[in-house]
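Engineer: Before anything else, here's the structure in question.
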Amino acid sequence: MKQIIDLNAFAGGALAEKVNIELQKALDNIADPNTDHKKARKVAVTITLKANEKRNLANVIIDTKSTLVPAVGVETELIIDYTPDGSVTGAELKSGIPGQAFISDNGEILDDKGQPLPAEEPTNKKVVQFK
């Protein structure tokens, strides 16, 4: 088949440049660990030719478009509660189980919402006599 145009030089190299820009976007999207690696990315090139009335000249529009994969959603849980005035409120569950305290990475005791628990005072400071 006879070559009509050199795609690398077409429109002063703009076609090749636009394709490379969209390919780079697709490659960056593939390399992003926050996207699903299994889903396909697409790069589309549309060349639109619009002829004049004499049909001896065509105006050419070159469009490129990439279809990327969105970032994967992040899941968490909210504890739904009420404020003292009765309004609904929410806080992110940090402990894994509502109402359960946990120890943070730095050794601090936190409630299920990740807030520090107040230090408890001993209820009986006297030693009980043992037999």
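Engineer: Can you confirm whether ILE47 is at pLDDT below 95 and not assigned by TED's automatic domain parsing to the domain that holds GLY96? So that I can check it myself, show each step before the final result.
Structural biologist: Numbers: at pLDDT below 95: no; not assigned by TED's automatic domain parsing to the domain that holds GLY96: yes.
Taking the combined requirement at face value, the residue does not satisfy it.
Engineer: Of all residues in segment 81-107, how many are of a type in the set (A, V, I, L, M, F, W, C) and farther than 20 Å from PRO118 by Cα? Spell out the reasoning first.
Structural biologist: Taking segment 81-107 as the starting set, the residues that turn out to be of a type in the set (A, V, I, L, M, F, W, C) are 88, 91, 93, 97, 101-103.
Subsequent filtering for residues that are farther than 20 Å from PRO118 by Cα retains 88.
Selection size over segment 81-107: 1.
Engineer: In segment 102-109, is there at least one residue being free of Cβ contacts under 8 Å to residues at least 12 places away in the same chain, under 30 Å from ILE5 (Cα atoms), surrounded by 11 or more Cβ atoms within 10 Å (Cβ to Cβ) and not aliphatic (A, V, I, L, M)? Reasoning before the result, please.
Structural biologist: From segment 102-109, those free of Cβ contacts under 8 Å to residues at least 12 places away in the same chain are 102-109; that's our starting set.
Restricting the remaining residues to those that are under 30 Å from ILE5 (Cα atoms) gives none.
Within segment 102-109, not a single residue is free of Cβ contacts under 8 Å to residues at least 12 places away in the same chain, under 30 Å from ILE5 (Cα atoms), surrounded by 11 or more Cβ atoms within 10 Å (Cβ to Cβ) and not aliphatic (A, V, I, L, M).
Engineer: So the check is Cβ under 6 Å with 6+ separation or different chains; which pairs have a first residue in segment 46-57 that's hydrophobic (A, V, I, L, M, F, W, C) and a second one that's at pLDDT 95 or above?
Structural biologist: Correct list of pairs: ILE47/ILE62; LEU49/ALA58; LEU49/VAL60; ALA51/ALA58.
Engineer: Something else now. Test THR76 against the stated conditions and say whether it is over 30 Å from ILE97 (Cβ atoms) and in contact (Cβ under 8 Å) with a residue 12 or more places away in the chain. Talk me through it step by step, then tell me what you get.
Structural biologist: Details: over 30 Å from ILE97 (Cβ atoms): no; in contact (Cβ under 8 Å) with a residue 12 or more places away in the chain: yes.
Against the criterion (over 30 Å from ILE97 (Cβ atoms) and in contact (Cβ under 8 Å) with a residue 12 or more places away in the chain), THR76 does not qualify.
Engineer: Further, regarding this structure: Considering only residues that are aliphatic (A, V, I, L, M) and touching a strand residue (DSSP E or B) at 6+ places or on another chain (Cβ under 6 Å), which ones fall in segment 34-70? Break it down stepwise before answering.
Structural biologist: Restricting attention to segment 34-70, the residues satisfying the condition of being aliphatic (A, V, I, L, M) are 40, 43-45, 47, 49, 51, 57-58, 60-62, 68-69.
Within segment 34-70, VAL43, ALA44, VAL45, ILE47, LEU49, ALA51, ALA58, VAL60, ILE61, ILE62, VAL69 qualify.
Engineer: Do you know which of the residues in segment 1-39 that are exposed (fewer than 12 other Cβ atoms within 10 Å of the Cβ) and in contact (Cβ under 8 Å) with a residue 12 or more places away in the chain is nearest to SER66 (Cα to Cα)?
Structural biologist: Of everything passing the filter in segment 1-39, ASP36 is nearest to SER66 (Cα to Cα).
The values are calculated or read from the model by the stated rules, or taken from the named source; none is laboratory data. Bear in mind that the values here come from a model prediction, so they are computed numbers and not experimental data. FYI the Cβ positions are ideal-geometry reconstructions off the backbone, even for glycines, and counts take in every protein chain you see.
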